[in-house]
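The values are calculated or read from the model by the stated rules, or taken from the named source; none is laboratory data. On a predicted model such as this, the values are computed, not experimentally measured, just so you know. Note: ideal-geometry Cβ built from the backbone for every residue, glycine included; neighbour counts use all protein chains shown. Only protein heavy atoms, including side chains, enter the accessible area calculation; ligands, DNA and RNA are left aside. Shrake-Rupley method; radii C 1.70, N 1.55, O 1.52, S 1.80 Å.
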Amino acid sequence: MAAVLGSSARAADPAPLDGAAAARAFGARVGVSAMSMSPDGTHVSFLVPDGDGQKVMVADLVAGGAPRAILGSNRSDERIRSCTWPTNQRLFCRVQVYSENAGTPISFARMLAVDVDGKHVGVVSEQQSDRALGFDYHGGAVIDWTGDKPGQVLMTRTFVPETTIGTHLAKTDDGFGVESVDATTLQRRTVERPRVDAEAYVTDGIGHVRLMARAVANATGYDTGKATWYYRKAGSSDWLALGRTDESDGISARGFQPAAVDPTQDVAYGFDAGDGGRSALFRIKLDGSLARDRVLGRGDVDVDELVTIGRNRRVVGVSYATETRVVEFFDPALKTLAAALHKALPGQPQIDFIDAAADESRLLLLAGGDTDPGTYYVFDKPTHHLEQVLAVRPELTGVGMAPMRPITYPAADGTSIPAYLTLPAGSNGKGLPAIVMPHGGPSARDEWGFDWLVQFFAARGYAVLQPNYRGSSGFGIDWQSRNGFQSWPKAIGDIDDAGRWLLSQGIAAPGKIAIFGWSYGGYAALQSGVVDPGLFKAIVAVAPVTDLARLRENAQSYTNGVIVDRQIGHGDYIKAGSPAQNASSITVPVMLFHGDADLNVPVDQSRLMADRLRAAGRSVEYVEFKKLDHQLDSGAARIQLLSSSDAFLRKAMGIAP
């Protein structure tokens with residue numbers, strides 16, 4: 001293999017960063033992302049930032065040399081999400097575009113094709129005419145690298161009918177189907193006729209569609225969150241009932257959720273509720289018997305991720321997160337290899353198999369940890385050689401990091417709340433300025449690993465505590481309760497108790513504790529200021545929900561409106577649980593950030609909060625970013641967010657710059 005393309009070495013004694021330097025280092029966009037491997041294992045593609053845009057790069061692992069750009073976009077309202085290899089000479093790249101329709105923010109995706117040398121760029125997604133009676137927002141996705149013939153792939157497609165007025169040539173197909181698409185000519189043939197109620201297809205990795213989900217009908221046009229799954233026996237074209245799933249409450253999934261098909265065992269792998277309402281991995285025979293057995297479940301956390309490898313998505317294991325994420329391998333050879341890699345990379349304990357050559361002779365790995373953002377490697381099986389490729393965040397090379405430690409703390413009712421505590425490197429862990437950082441979601445959880453926000457604040461001298469409060473996912477349905485909106489008193493209580501614990505342990509200096517949150521975490525930060533005024537001396541909320549009734553109303557413009565309505569619910573808790581409706585209760589300074597192209601949380605949520613705080617005579621600073629979505633994926637925006645937040649918190653808590 002060629003010489004190493006990049007380095008991830010860390011300085012032995014890194015120099016501390018001042019505020020501006022730390023903001024530039026940690027606020028920079030991810031330097032290398034979405035790496036994938038060609039079928040023959042000789043090349044990789046990856047994304048790099050280019051101002052507010054991106055470039056698709058290709059590197060030759062055999063000949064070496066500098067990676068070359070083959071495709072790019074310099075628009076902040078356009079994002080290349082990933083690129084994959086249908087053949088050794090051709091890549092498919094998925095692009096997401098942000099726009100608006102009658103003032104409502106929307107996004108849609110398109111698949112592009114490009115040769116490995118950057119030539120012959122084409123649009124893979126079927127083009128729509130001006131006679132179309134609808135719009136394809138999805139743009140299609142590759143679901144199997146084996147199509148009808150060599151060089152073809154199976155792709156989903158949303159078929160949109162055309163008006164028949166004035167023509168006999170209008171397209172009449174309607175719904176979600178599957179096509180076999182030639183990667184070079186982009187010619188296509190329908191292999192799974194479209195159905196208006198179809199919403200998902202799963203193949204066996206060798207070119208056969210084996211599972212299909214059909215949505216339970218709703219006359220209003222809204223998603224119901226309910227679906228019926230069907231399967232095919234091997235070699236048959238007939239659909240047979242597999243089971244039903246229900247996510248209608250927007251909180252939890254009920255029923256067997258298929259994740260993959262293993263053709264060698266003729267089974268579908270998927271997740272369903274196990275003991276204590278915790279997610280477990282099951283498999284169901286697809287031979288007509290529907291024989292079902294539990295593969296793995298636990299009594300403490302959800303088993304929630306299937307581990308697959310290679311172009312055929314071969315099922316090789318399953319994972320779950322306790323204090324750290326754990327992988328249980330079914331494949332003995334990979335289990336042995338993973339153990340050897342852990343010994344070879346002791347400073348990078350999180351090792352994921354990202355991609356592989358078609359014959360799995362070469363594996364693409366991503367290894368990192370809490371103090372290491374990660375590095376891509378290629379492992380060559382025949383030679384047992386591990387080659388470093390590129391660091392994920394090269395701008396952080398030589399920058400000191402702070403270890404993240406799993407802890408628990410007691411809630412007011414005695415419940416033990418799991419959390420992660422990060423202390424500034426080299427500190428004694430006492431008398432520090434501190435930040436409680438609740439995660440978003442609320443149906444999500446924090447996990448052990450690198451976090452750019454946490455590491456920035458630790459580098460600036462703050463202790464950071466990330467609570468997995470009740471309402472978080474990953475710990476079973478009882479822990480999720482009725483989610484962090486309907487059960488907000490419990491979630492916010494756990495978050496506030498995190499602050500009290502920091503003070504009681506002497507970790508946080510008296511009067512020097514703040515709260516910082518993004519999305520639901522921003523909501524929690526603001527709501528904590530409503531229910532426990534003054535506990536936290538400053539509040540930073542990024543893209544926060546601030547008015548539950550308005551959020552529910554906004555969702556009616558989208559197809560998931562009914563699900564959001566059920567998720568948020570109705571009752572007296574709506575007003576009491578809306579920070580914007582109780583702004584006068586907040587007594588400490590507040591800083592808000594939001595992008596005006598946010599599809600997750602409408603920007604008017606922050607605008608309303610800022611207006612209500614000002615009307616109540618409270619101290620508020622509001623920063624709005626143009627043409628940025630929920631993630632604020634802009635180096636300039638993130639650097640501003642970090643530097644402004646740090647300055648704001650230091651001023652509010654009386655800390656020297």
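Segment 211-254 to segment 403-481: how many Å between their Cα centroids?
Value for the Cα centre distance between the two parts: 36 Å.
What label, among (i) 33.6; (ii) 29.5; (iii) 41.3, belongs to mean projected area of the Cα convex hull in nm² computed from the structure on display?
Among (i) 33.6; (ii) 29.5; (iii) 41.3, the one derived from this structure is (ii).
Mind checking which aspartates and glutamates have their C-alpha under 12 Å from LYS233, skipping anything on the same chain fewer than 8 residues away?
Partners within reach: ASP204, ASP266, ASP287.
Where the centroid of each part is defined by its Cα atoms, how far is segment 45-114 from segment 118-135 in Å?
17 Å
Explain nothing, just compute: Karplus ³J(HN,Hα) = 6.51 cos²θ - 1.76 cosθ + 1.60, θ = phi - 60°, for every residue of segment 130-147 in order, whole Hz, x for Gly and Pro.
Taking θ as phi minus 60°, the curve returns 6, 9, 4, 9, x, 9, 8, 7, 7, x, x, 9, 6, 10, 7, 7, 10, x Hz for segment 130-147.
Can you work out the accessible area per residue across segment 203-266, with the rest of the protein chains kept in place, probe 1.4 Å, in square angstrom?
Values: 2920 Å² over 64 residues.
Using a 1.4 Å probe on heavy atoms only, each residue of segment 203-266 averages 46 Å².
To the nearest 10 Å², what's LYS233's accessible area with a 1.4 Å probe?
Near enough 90 Å² of accessible area.
Roughly how far apart, in whole Å, are the Cα centres of segment 329-362 and segment 561-582?
If we compute the Cα centre of each part, the gap is 45 Å.
Per residue, how much accessible surface does segment 346-492 expose to a 1.4 Å probe? Answer in Å², no decimals. Walk me through the numbers before you get to the answer.
Numbers: 4830 Å² over 147 residues.
Using a 1.4 Å probe on heavy atoms only, each residue of segment 346-492 averages 33 Å².
Rank-order 427-438, 513-524 by packing density, defined as the average count of other C-beta atoms within 10 Å over each peptide's residues, highest first. Display every interim value, and only then the final one.
Numbers: 427-438: 21.5, 513-524: 28.1.
Packing order, densest peptide first, comes out as 513-524, 427-438.
Using a probe of 1.4 angstrom, how much of the accessible area of segment 49-190 is carbon and sulfur, in percent? Don't skip to the answer; put the middle values down first.
On the way: 3410 of 6820 Å².
It is 50 percent, rounded to a whole number.
For an R0 of 22 angstrom, estimate the FRET efficiency from the Cβ-Cβ distance between LYS575 and GLU100 and round to the nearest 0.05.
Details: r = 30 Å, r/R0 = 1.35.
For R0 = 22 Å, the calculated efficiency reads 0.15.
Which order do GLU323, GLU126 take when ranked by solvent-accessible area (1.4 Å probe, heavy atoms of all protein chains), largest first? Write down the numbers at each step before the final one.
Values: GLU323 115, GLU126 55 Å².
Largest accessible area first, the residues go GLU323, GLU126.
May I ask for the net charge around SER237, where only other residues with Cβ less than 13 Å from the Cβ of SER237 are counted and Lys, Arg are +1 while Asp, Glu are -1? Let's see the in-between values first.
Values: positive: ARG193, ARG210, ARG232, LYS233; negative: GLU192, ASP238.
Charge balance near SER237 sits at +2.
If you roll a 1.4 angstrom probe over the protein chains with everything in place, what fraction of the accessible area of segment 244-293 belongs to carbon and sulfur, to the nearest %?
Numbers: 920 of 2030 Å².
Carbon plus sulfur share of accessible area: 46 percent.
Checking the cross-link filter: which aspartates and glutamates have an alpha carbon closer than 14 Å to that of LYS335, excluding same-chain neighbours under 8 positions apart?
ASP352
Please state the relative contact order of segment 510-657 as a whole percent: Cα pairs under 8 Å, 6+ residues apart?
Working: 266 pairs, mean separation 36.3, N = 148.
Contact order relative to length: 25 percent.
Mean separation of Cα pairs under 8 Å and 6+ residues apart, divided by the residue count of the chain: what relative contact order is that in percent? List each step's numbers first, then the result.
Details: 1628 pairs, mean separation 70.9, N = 657.
So the answer I get is 11 percent.
Could you order HIS384, HIS168, HIS439, HIS570 by accessible surface area, starting with the largest, using a probe radius of 1.4 Å? Write down the numbers at each step before the final one.
Values: HIS384 140, HIS168 190, HIS439 15, HIS570 120 Å².
Reading off the accessible areas and sorting them downward yields HIS168, HIS384, HIS570, HIS439.
Scan around VAL295 for amide H atoms under 5 Å from its own, H built in the peptide plane at 1.01 Å from N, and keep only partners 5 or more places away or cross-chain.
HN-HN under 5 Å from VAL295: LEU281, PHE282, ARG283.
For ILE417, what residues show an amide H to amide H distance below 5 Å, using hydrogens built from the backbone and excluding near sequence neighbours?
TYR409, ALA411
Where Lys and Arg each count +1 and Asp and Glu each count -1, what net charge lies around LEU642 among other residues with Cβ under 10 Å from its Cβ? List each step's numbers first, then the result.
Details: positive: ARG24, ARG460, ARG638; negative: ASP646.
Once positives and negatives cancel, what remains is +2.
Filter LYS55/LYS381; LYS490/LYS512; LYS430/LYS537; LYS575/LYS651; LYS55/LYS627; LYS149/LYS285 down to the pairs with a C-alpha to C-alpha distance above 21 Å, please.
Working: LYS55/LYS381 30 Å; LYS490/LYS512 24 Å; LYS430/LYS537 18 Å; LYS575/LYS651 31 Å; LYS55/LYS627 19 Å; LYS149/LYS285 28 Å.
Over 21 Å Cα-Cα: LYS55/LYS381; LYS490/LYS512; LYS575/LYS651; LYS149/LYS285.
What net charge do the residues around VAL153 carry, taking every other residue with its C-beta under 14 Å from that of VAL153, with Lys and Arg at +1 and Asp and Glu at -1?
Surrounding charge for VAL153 is +3.
Given a 1.4 angstrom probe, I'd like the percentage of the accessible area of segment 395-533 that is carbon and sulfur, rounded to a whole number.
Numbers: 2150 of 4030 Å².
Percent of accessible area from carbon and sulfur atoms in segment 395-533: 53.
Using alpha-carbon pairs under 8 Å, 6+ residues apart, how would you state the relative contact order of segment 597-657 in percent?
Details: 28 pairs, mean separation 17.9, N = 61.
This gives 29 percent for segment 597-657.
Testing the spin-label approximation: label points 7 Å from Cα along Cα→Cβ at ASN600 and ASP300. State their distance in nm.
2.8 nm
If we sort 388-395, 591-598 on the protection proxy, mean other Cβ atoms within 10 Å, highest first, what's the order?
591-598, 388-395
As a test of reading the structure, rank TYR222, TYR462 by solvent-accessible area (1.4 Å probe, protein chains only), most first. Don't skip to the answer; put the middle values down first.
Working: TYR222 60, TYR462 0 Å².
From most accessible down to least: TYR222, TYR462.
Between ALA219 and PHE330, what is the FRET efficiency for a Förster distance of 45 Å, r being their Cβ-Cβ separation, to the nearest 0.05?
Details: r = 44 Å, r/R0 = 0.98.
Efficiency for this residue pair is about 0.55.
Tell me, what ³J(HN,Hα) does each residue in segment 606-616 have, in order and in whole Hz, if you take phi through Karplus 6.51 cos²θ - 1.76 cosθ + 1.60 with θ = phi - 60° and put x for Gly and Pro?
6, 4, 4, 4, 4, 4, 5, 5, 5, 4, 8
If amide H atoms are built 1.01 Å from N in the plane of the peptide, which residues on other chains or at least 5 residues away come under 5 Å of the amide H of LEU133?
Excluding prolines and chain starts, which carry no amide H, the hits are GLU162, THR163.
Could you calculate the contour length gain from GLN187 to ASP359, that is, 0.36 nm times the residue separation minus the distance between their Cα atoms, to one decimal place in nm? Please list the in-between numbers first.
On the way: separation 172, 0.36 × 172 = 61.92 nm, distance 2.68 nm.
That works out to 59.2 nm of additional length.
Using a 1.4 Å probe, what is the accessible area per residue for segment 83-202, in Å²? Present the calculation step by step, with values, prior to reporting the outcome.
Working: 5880 Å² over 120 residues.
For segment 83-202, the per-residue accessible area is 49 Å².
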